[in-house]
1. Take residue 39 and tell me if it is out of contact with any strand residue (DSSP E or B) (no Cβ under 6 Å at 6 or more places or on another chain) and in contact (Cβ under 8 Å) with a residue 60 or more places away in the chain.
2. For the range 1-50, how many residues are more than 17 Å from the chain's Cα centre (by Cα), modelled with pLDDT under 85 and not in a helix (DSSP H, G or I)?
3. Taking the criterion of being surrounded by 14 or more Cβ atoms within 10 Å (Cβ to Cβ) and either closer than 14 Å to residue 84 by Cα or in contact with a strand residue (DSSP E or B) (Cβ under 6 Å, 6 or more places away or on another chain) (or both), would at least one residue in the range 11-24 satisfy it?
4. Pick from 54, 77: which is in contact with a helix residue (DSSP H, G or I) (Cβ under 6 Å, 6 or more places away or on another chain), part of a helix (DSSP H, G or I), in contact (Cβ under 8 Å) with a residue 12 or more places away in the chain and buried (at least 16 other Cβ atoms within 10 Å of the Cβ)?
5. Pick from 69, 64: which is over 16 Å from the mean Cα position of the chain (by Cα), outside any loop (DSSP other than H, G, I, E, B) and more than 19 Å from residue 90 (Cβ to Cβ)?
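The values are calculated or read from the model by the stated rules, or taken from the named source; none is laboratory data. Source: prediction; values computed, not measured. Every residue, glycine as well, gets a Cβ built from its backbone with ideal geometry; the counts of neighbours run over all protein chains shown.
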């Protein structure tokens with residue numbers, strides 16, 4: 001009869017490593033996008049559809065601030081900020097439905 005030992009530390013570490021990491025600056029990018037939407041009064045979701053121009057505009061302004069704060073390339077900054085902008089737009093769609 002063979003016995004297997006279980007290392008709970010290894011199991012916990014494997015679970016932690018499998019979770020996706022939050023990109024640096026994602027939360028501040030979301031806050032910056034929310035501020036941009038409030039100040040420009042241009043919603044990301046209106047009349048039953050996404051306003052892609054508003055999403056891109058909000059992401060670009062947040063990307064400039066992201067690049068100043070975190071450095072990195074324009075592509076990295078836009079990636080983080082577009083992710084945050086689309087999440088905000090999808091949340092706006094969800095809130096409009098309920």
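1. Numbers: out of contact with any strand residue (DSSP E or B) (no Cβ under 6 Å at 6 or more places or on another chain): yes; in contact (Cβ under 8 Å) with a residue 60 or more places away in the chain: no.
The answer is no for residue 39.
2. Qualifying residue count, the range 1-50: 7.
3. Yes, there is a match, as at least one residue in the range 11-24 is surrounded by 14 or more Cβ atoms within 10 Å (Cβ to Cβ) and either closer than 14 Å to residue 84 by Cα or in contact with a strand residue (DSSP E or B) (Cβ under 6 Å, 6 or more places away or on another chain) (or both).
4. 77
5. Numbers: 64 fails: over 16 Å from the mean Cα position of the chain (by Cα).
Going through 69, 64 in turn, just one is over 16 Å from the mean Cα position of the chain (by Cα), outside any loop (DSSP other than H, G, I, E, B) and more than 19 Å from residue 90 (Cβ to Cβ): 69.
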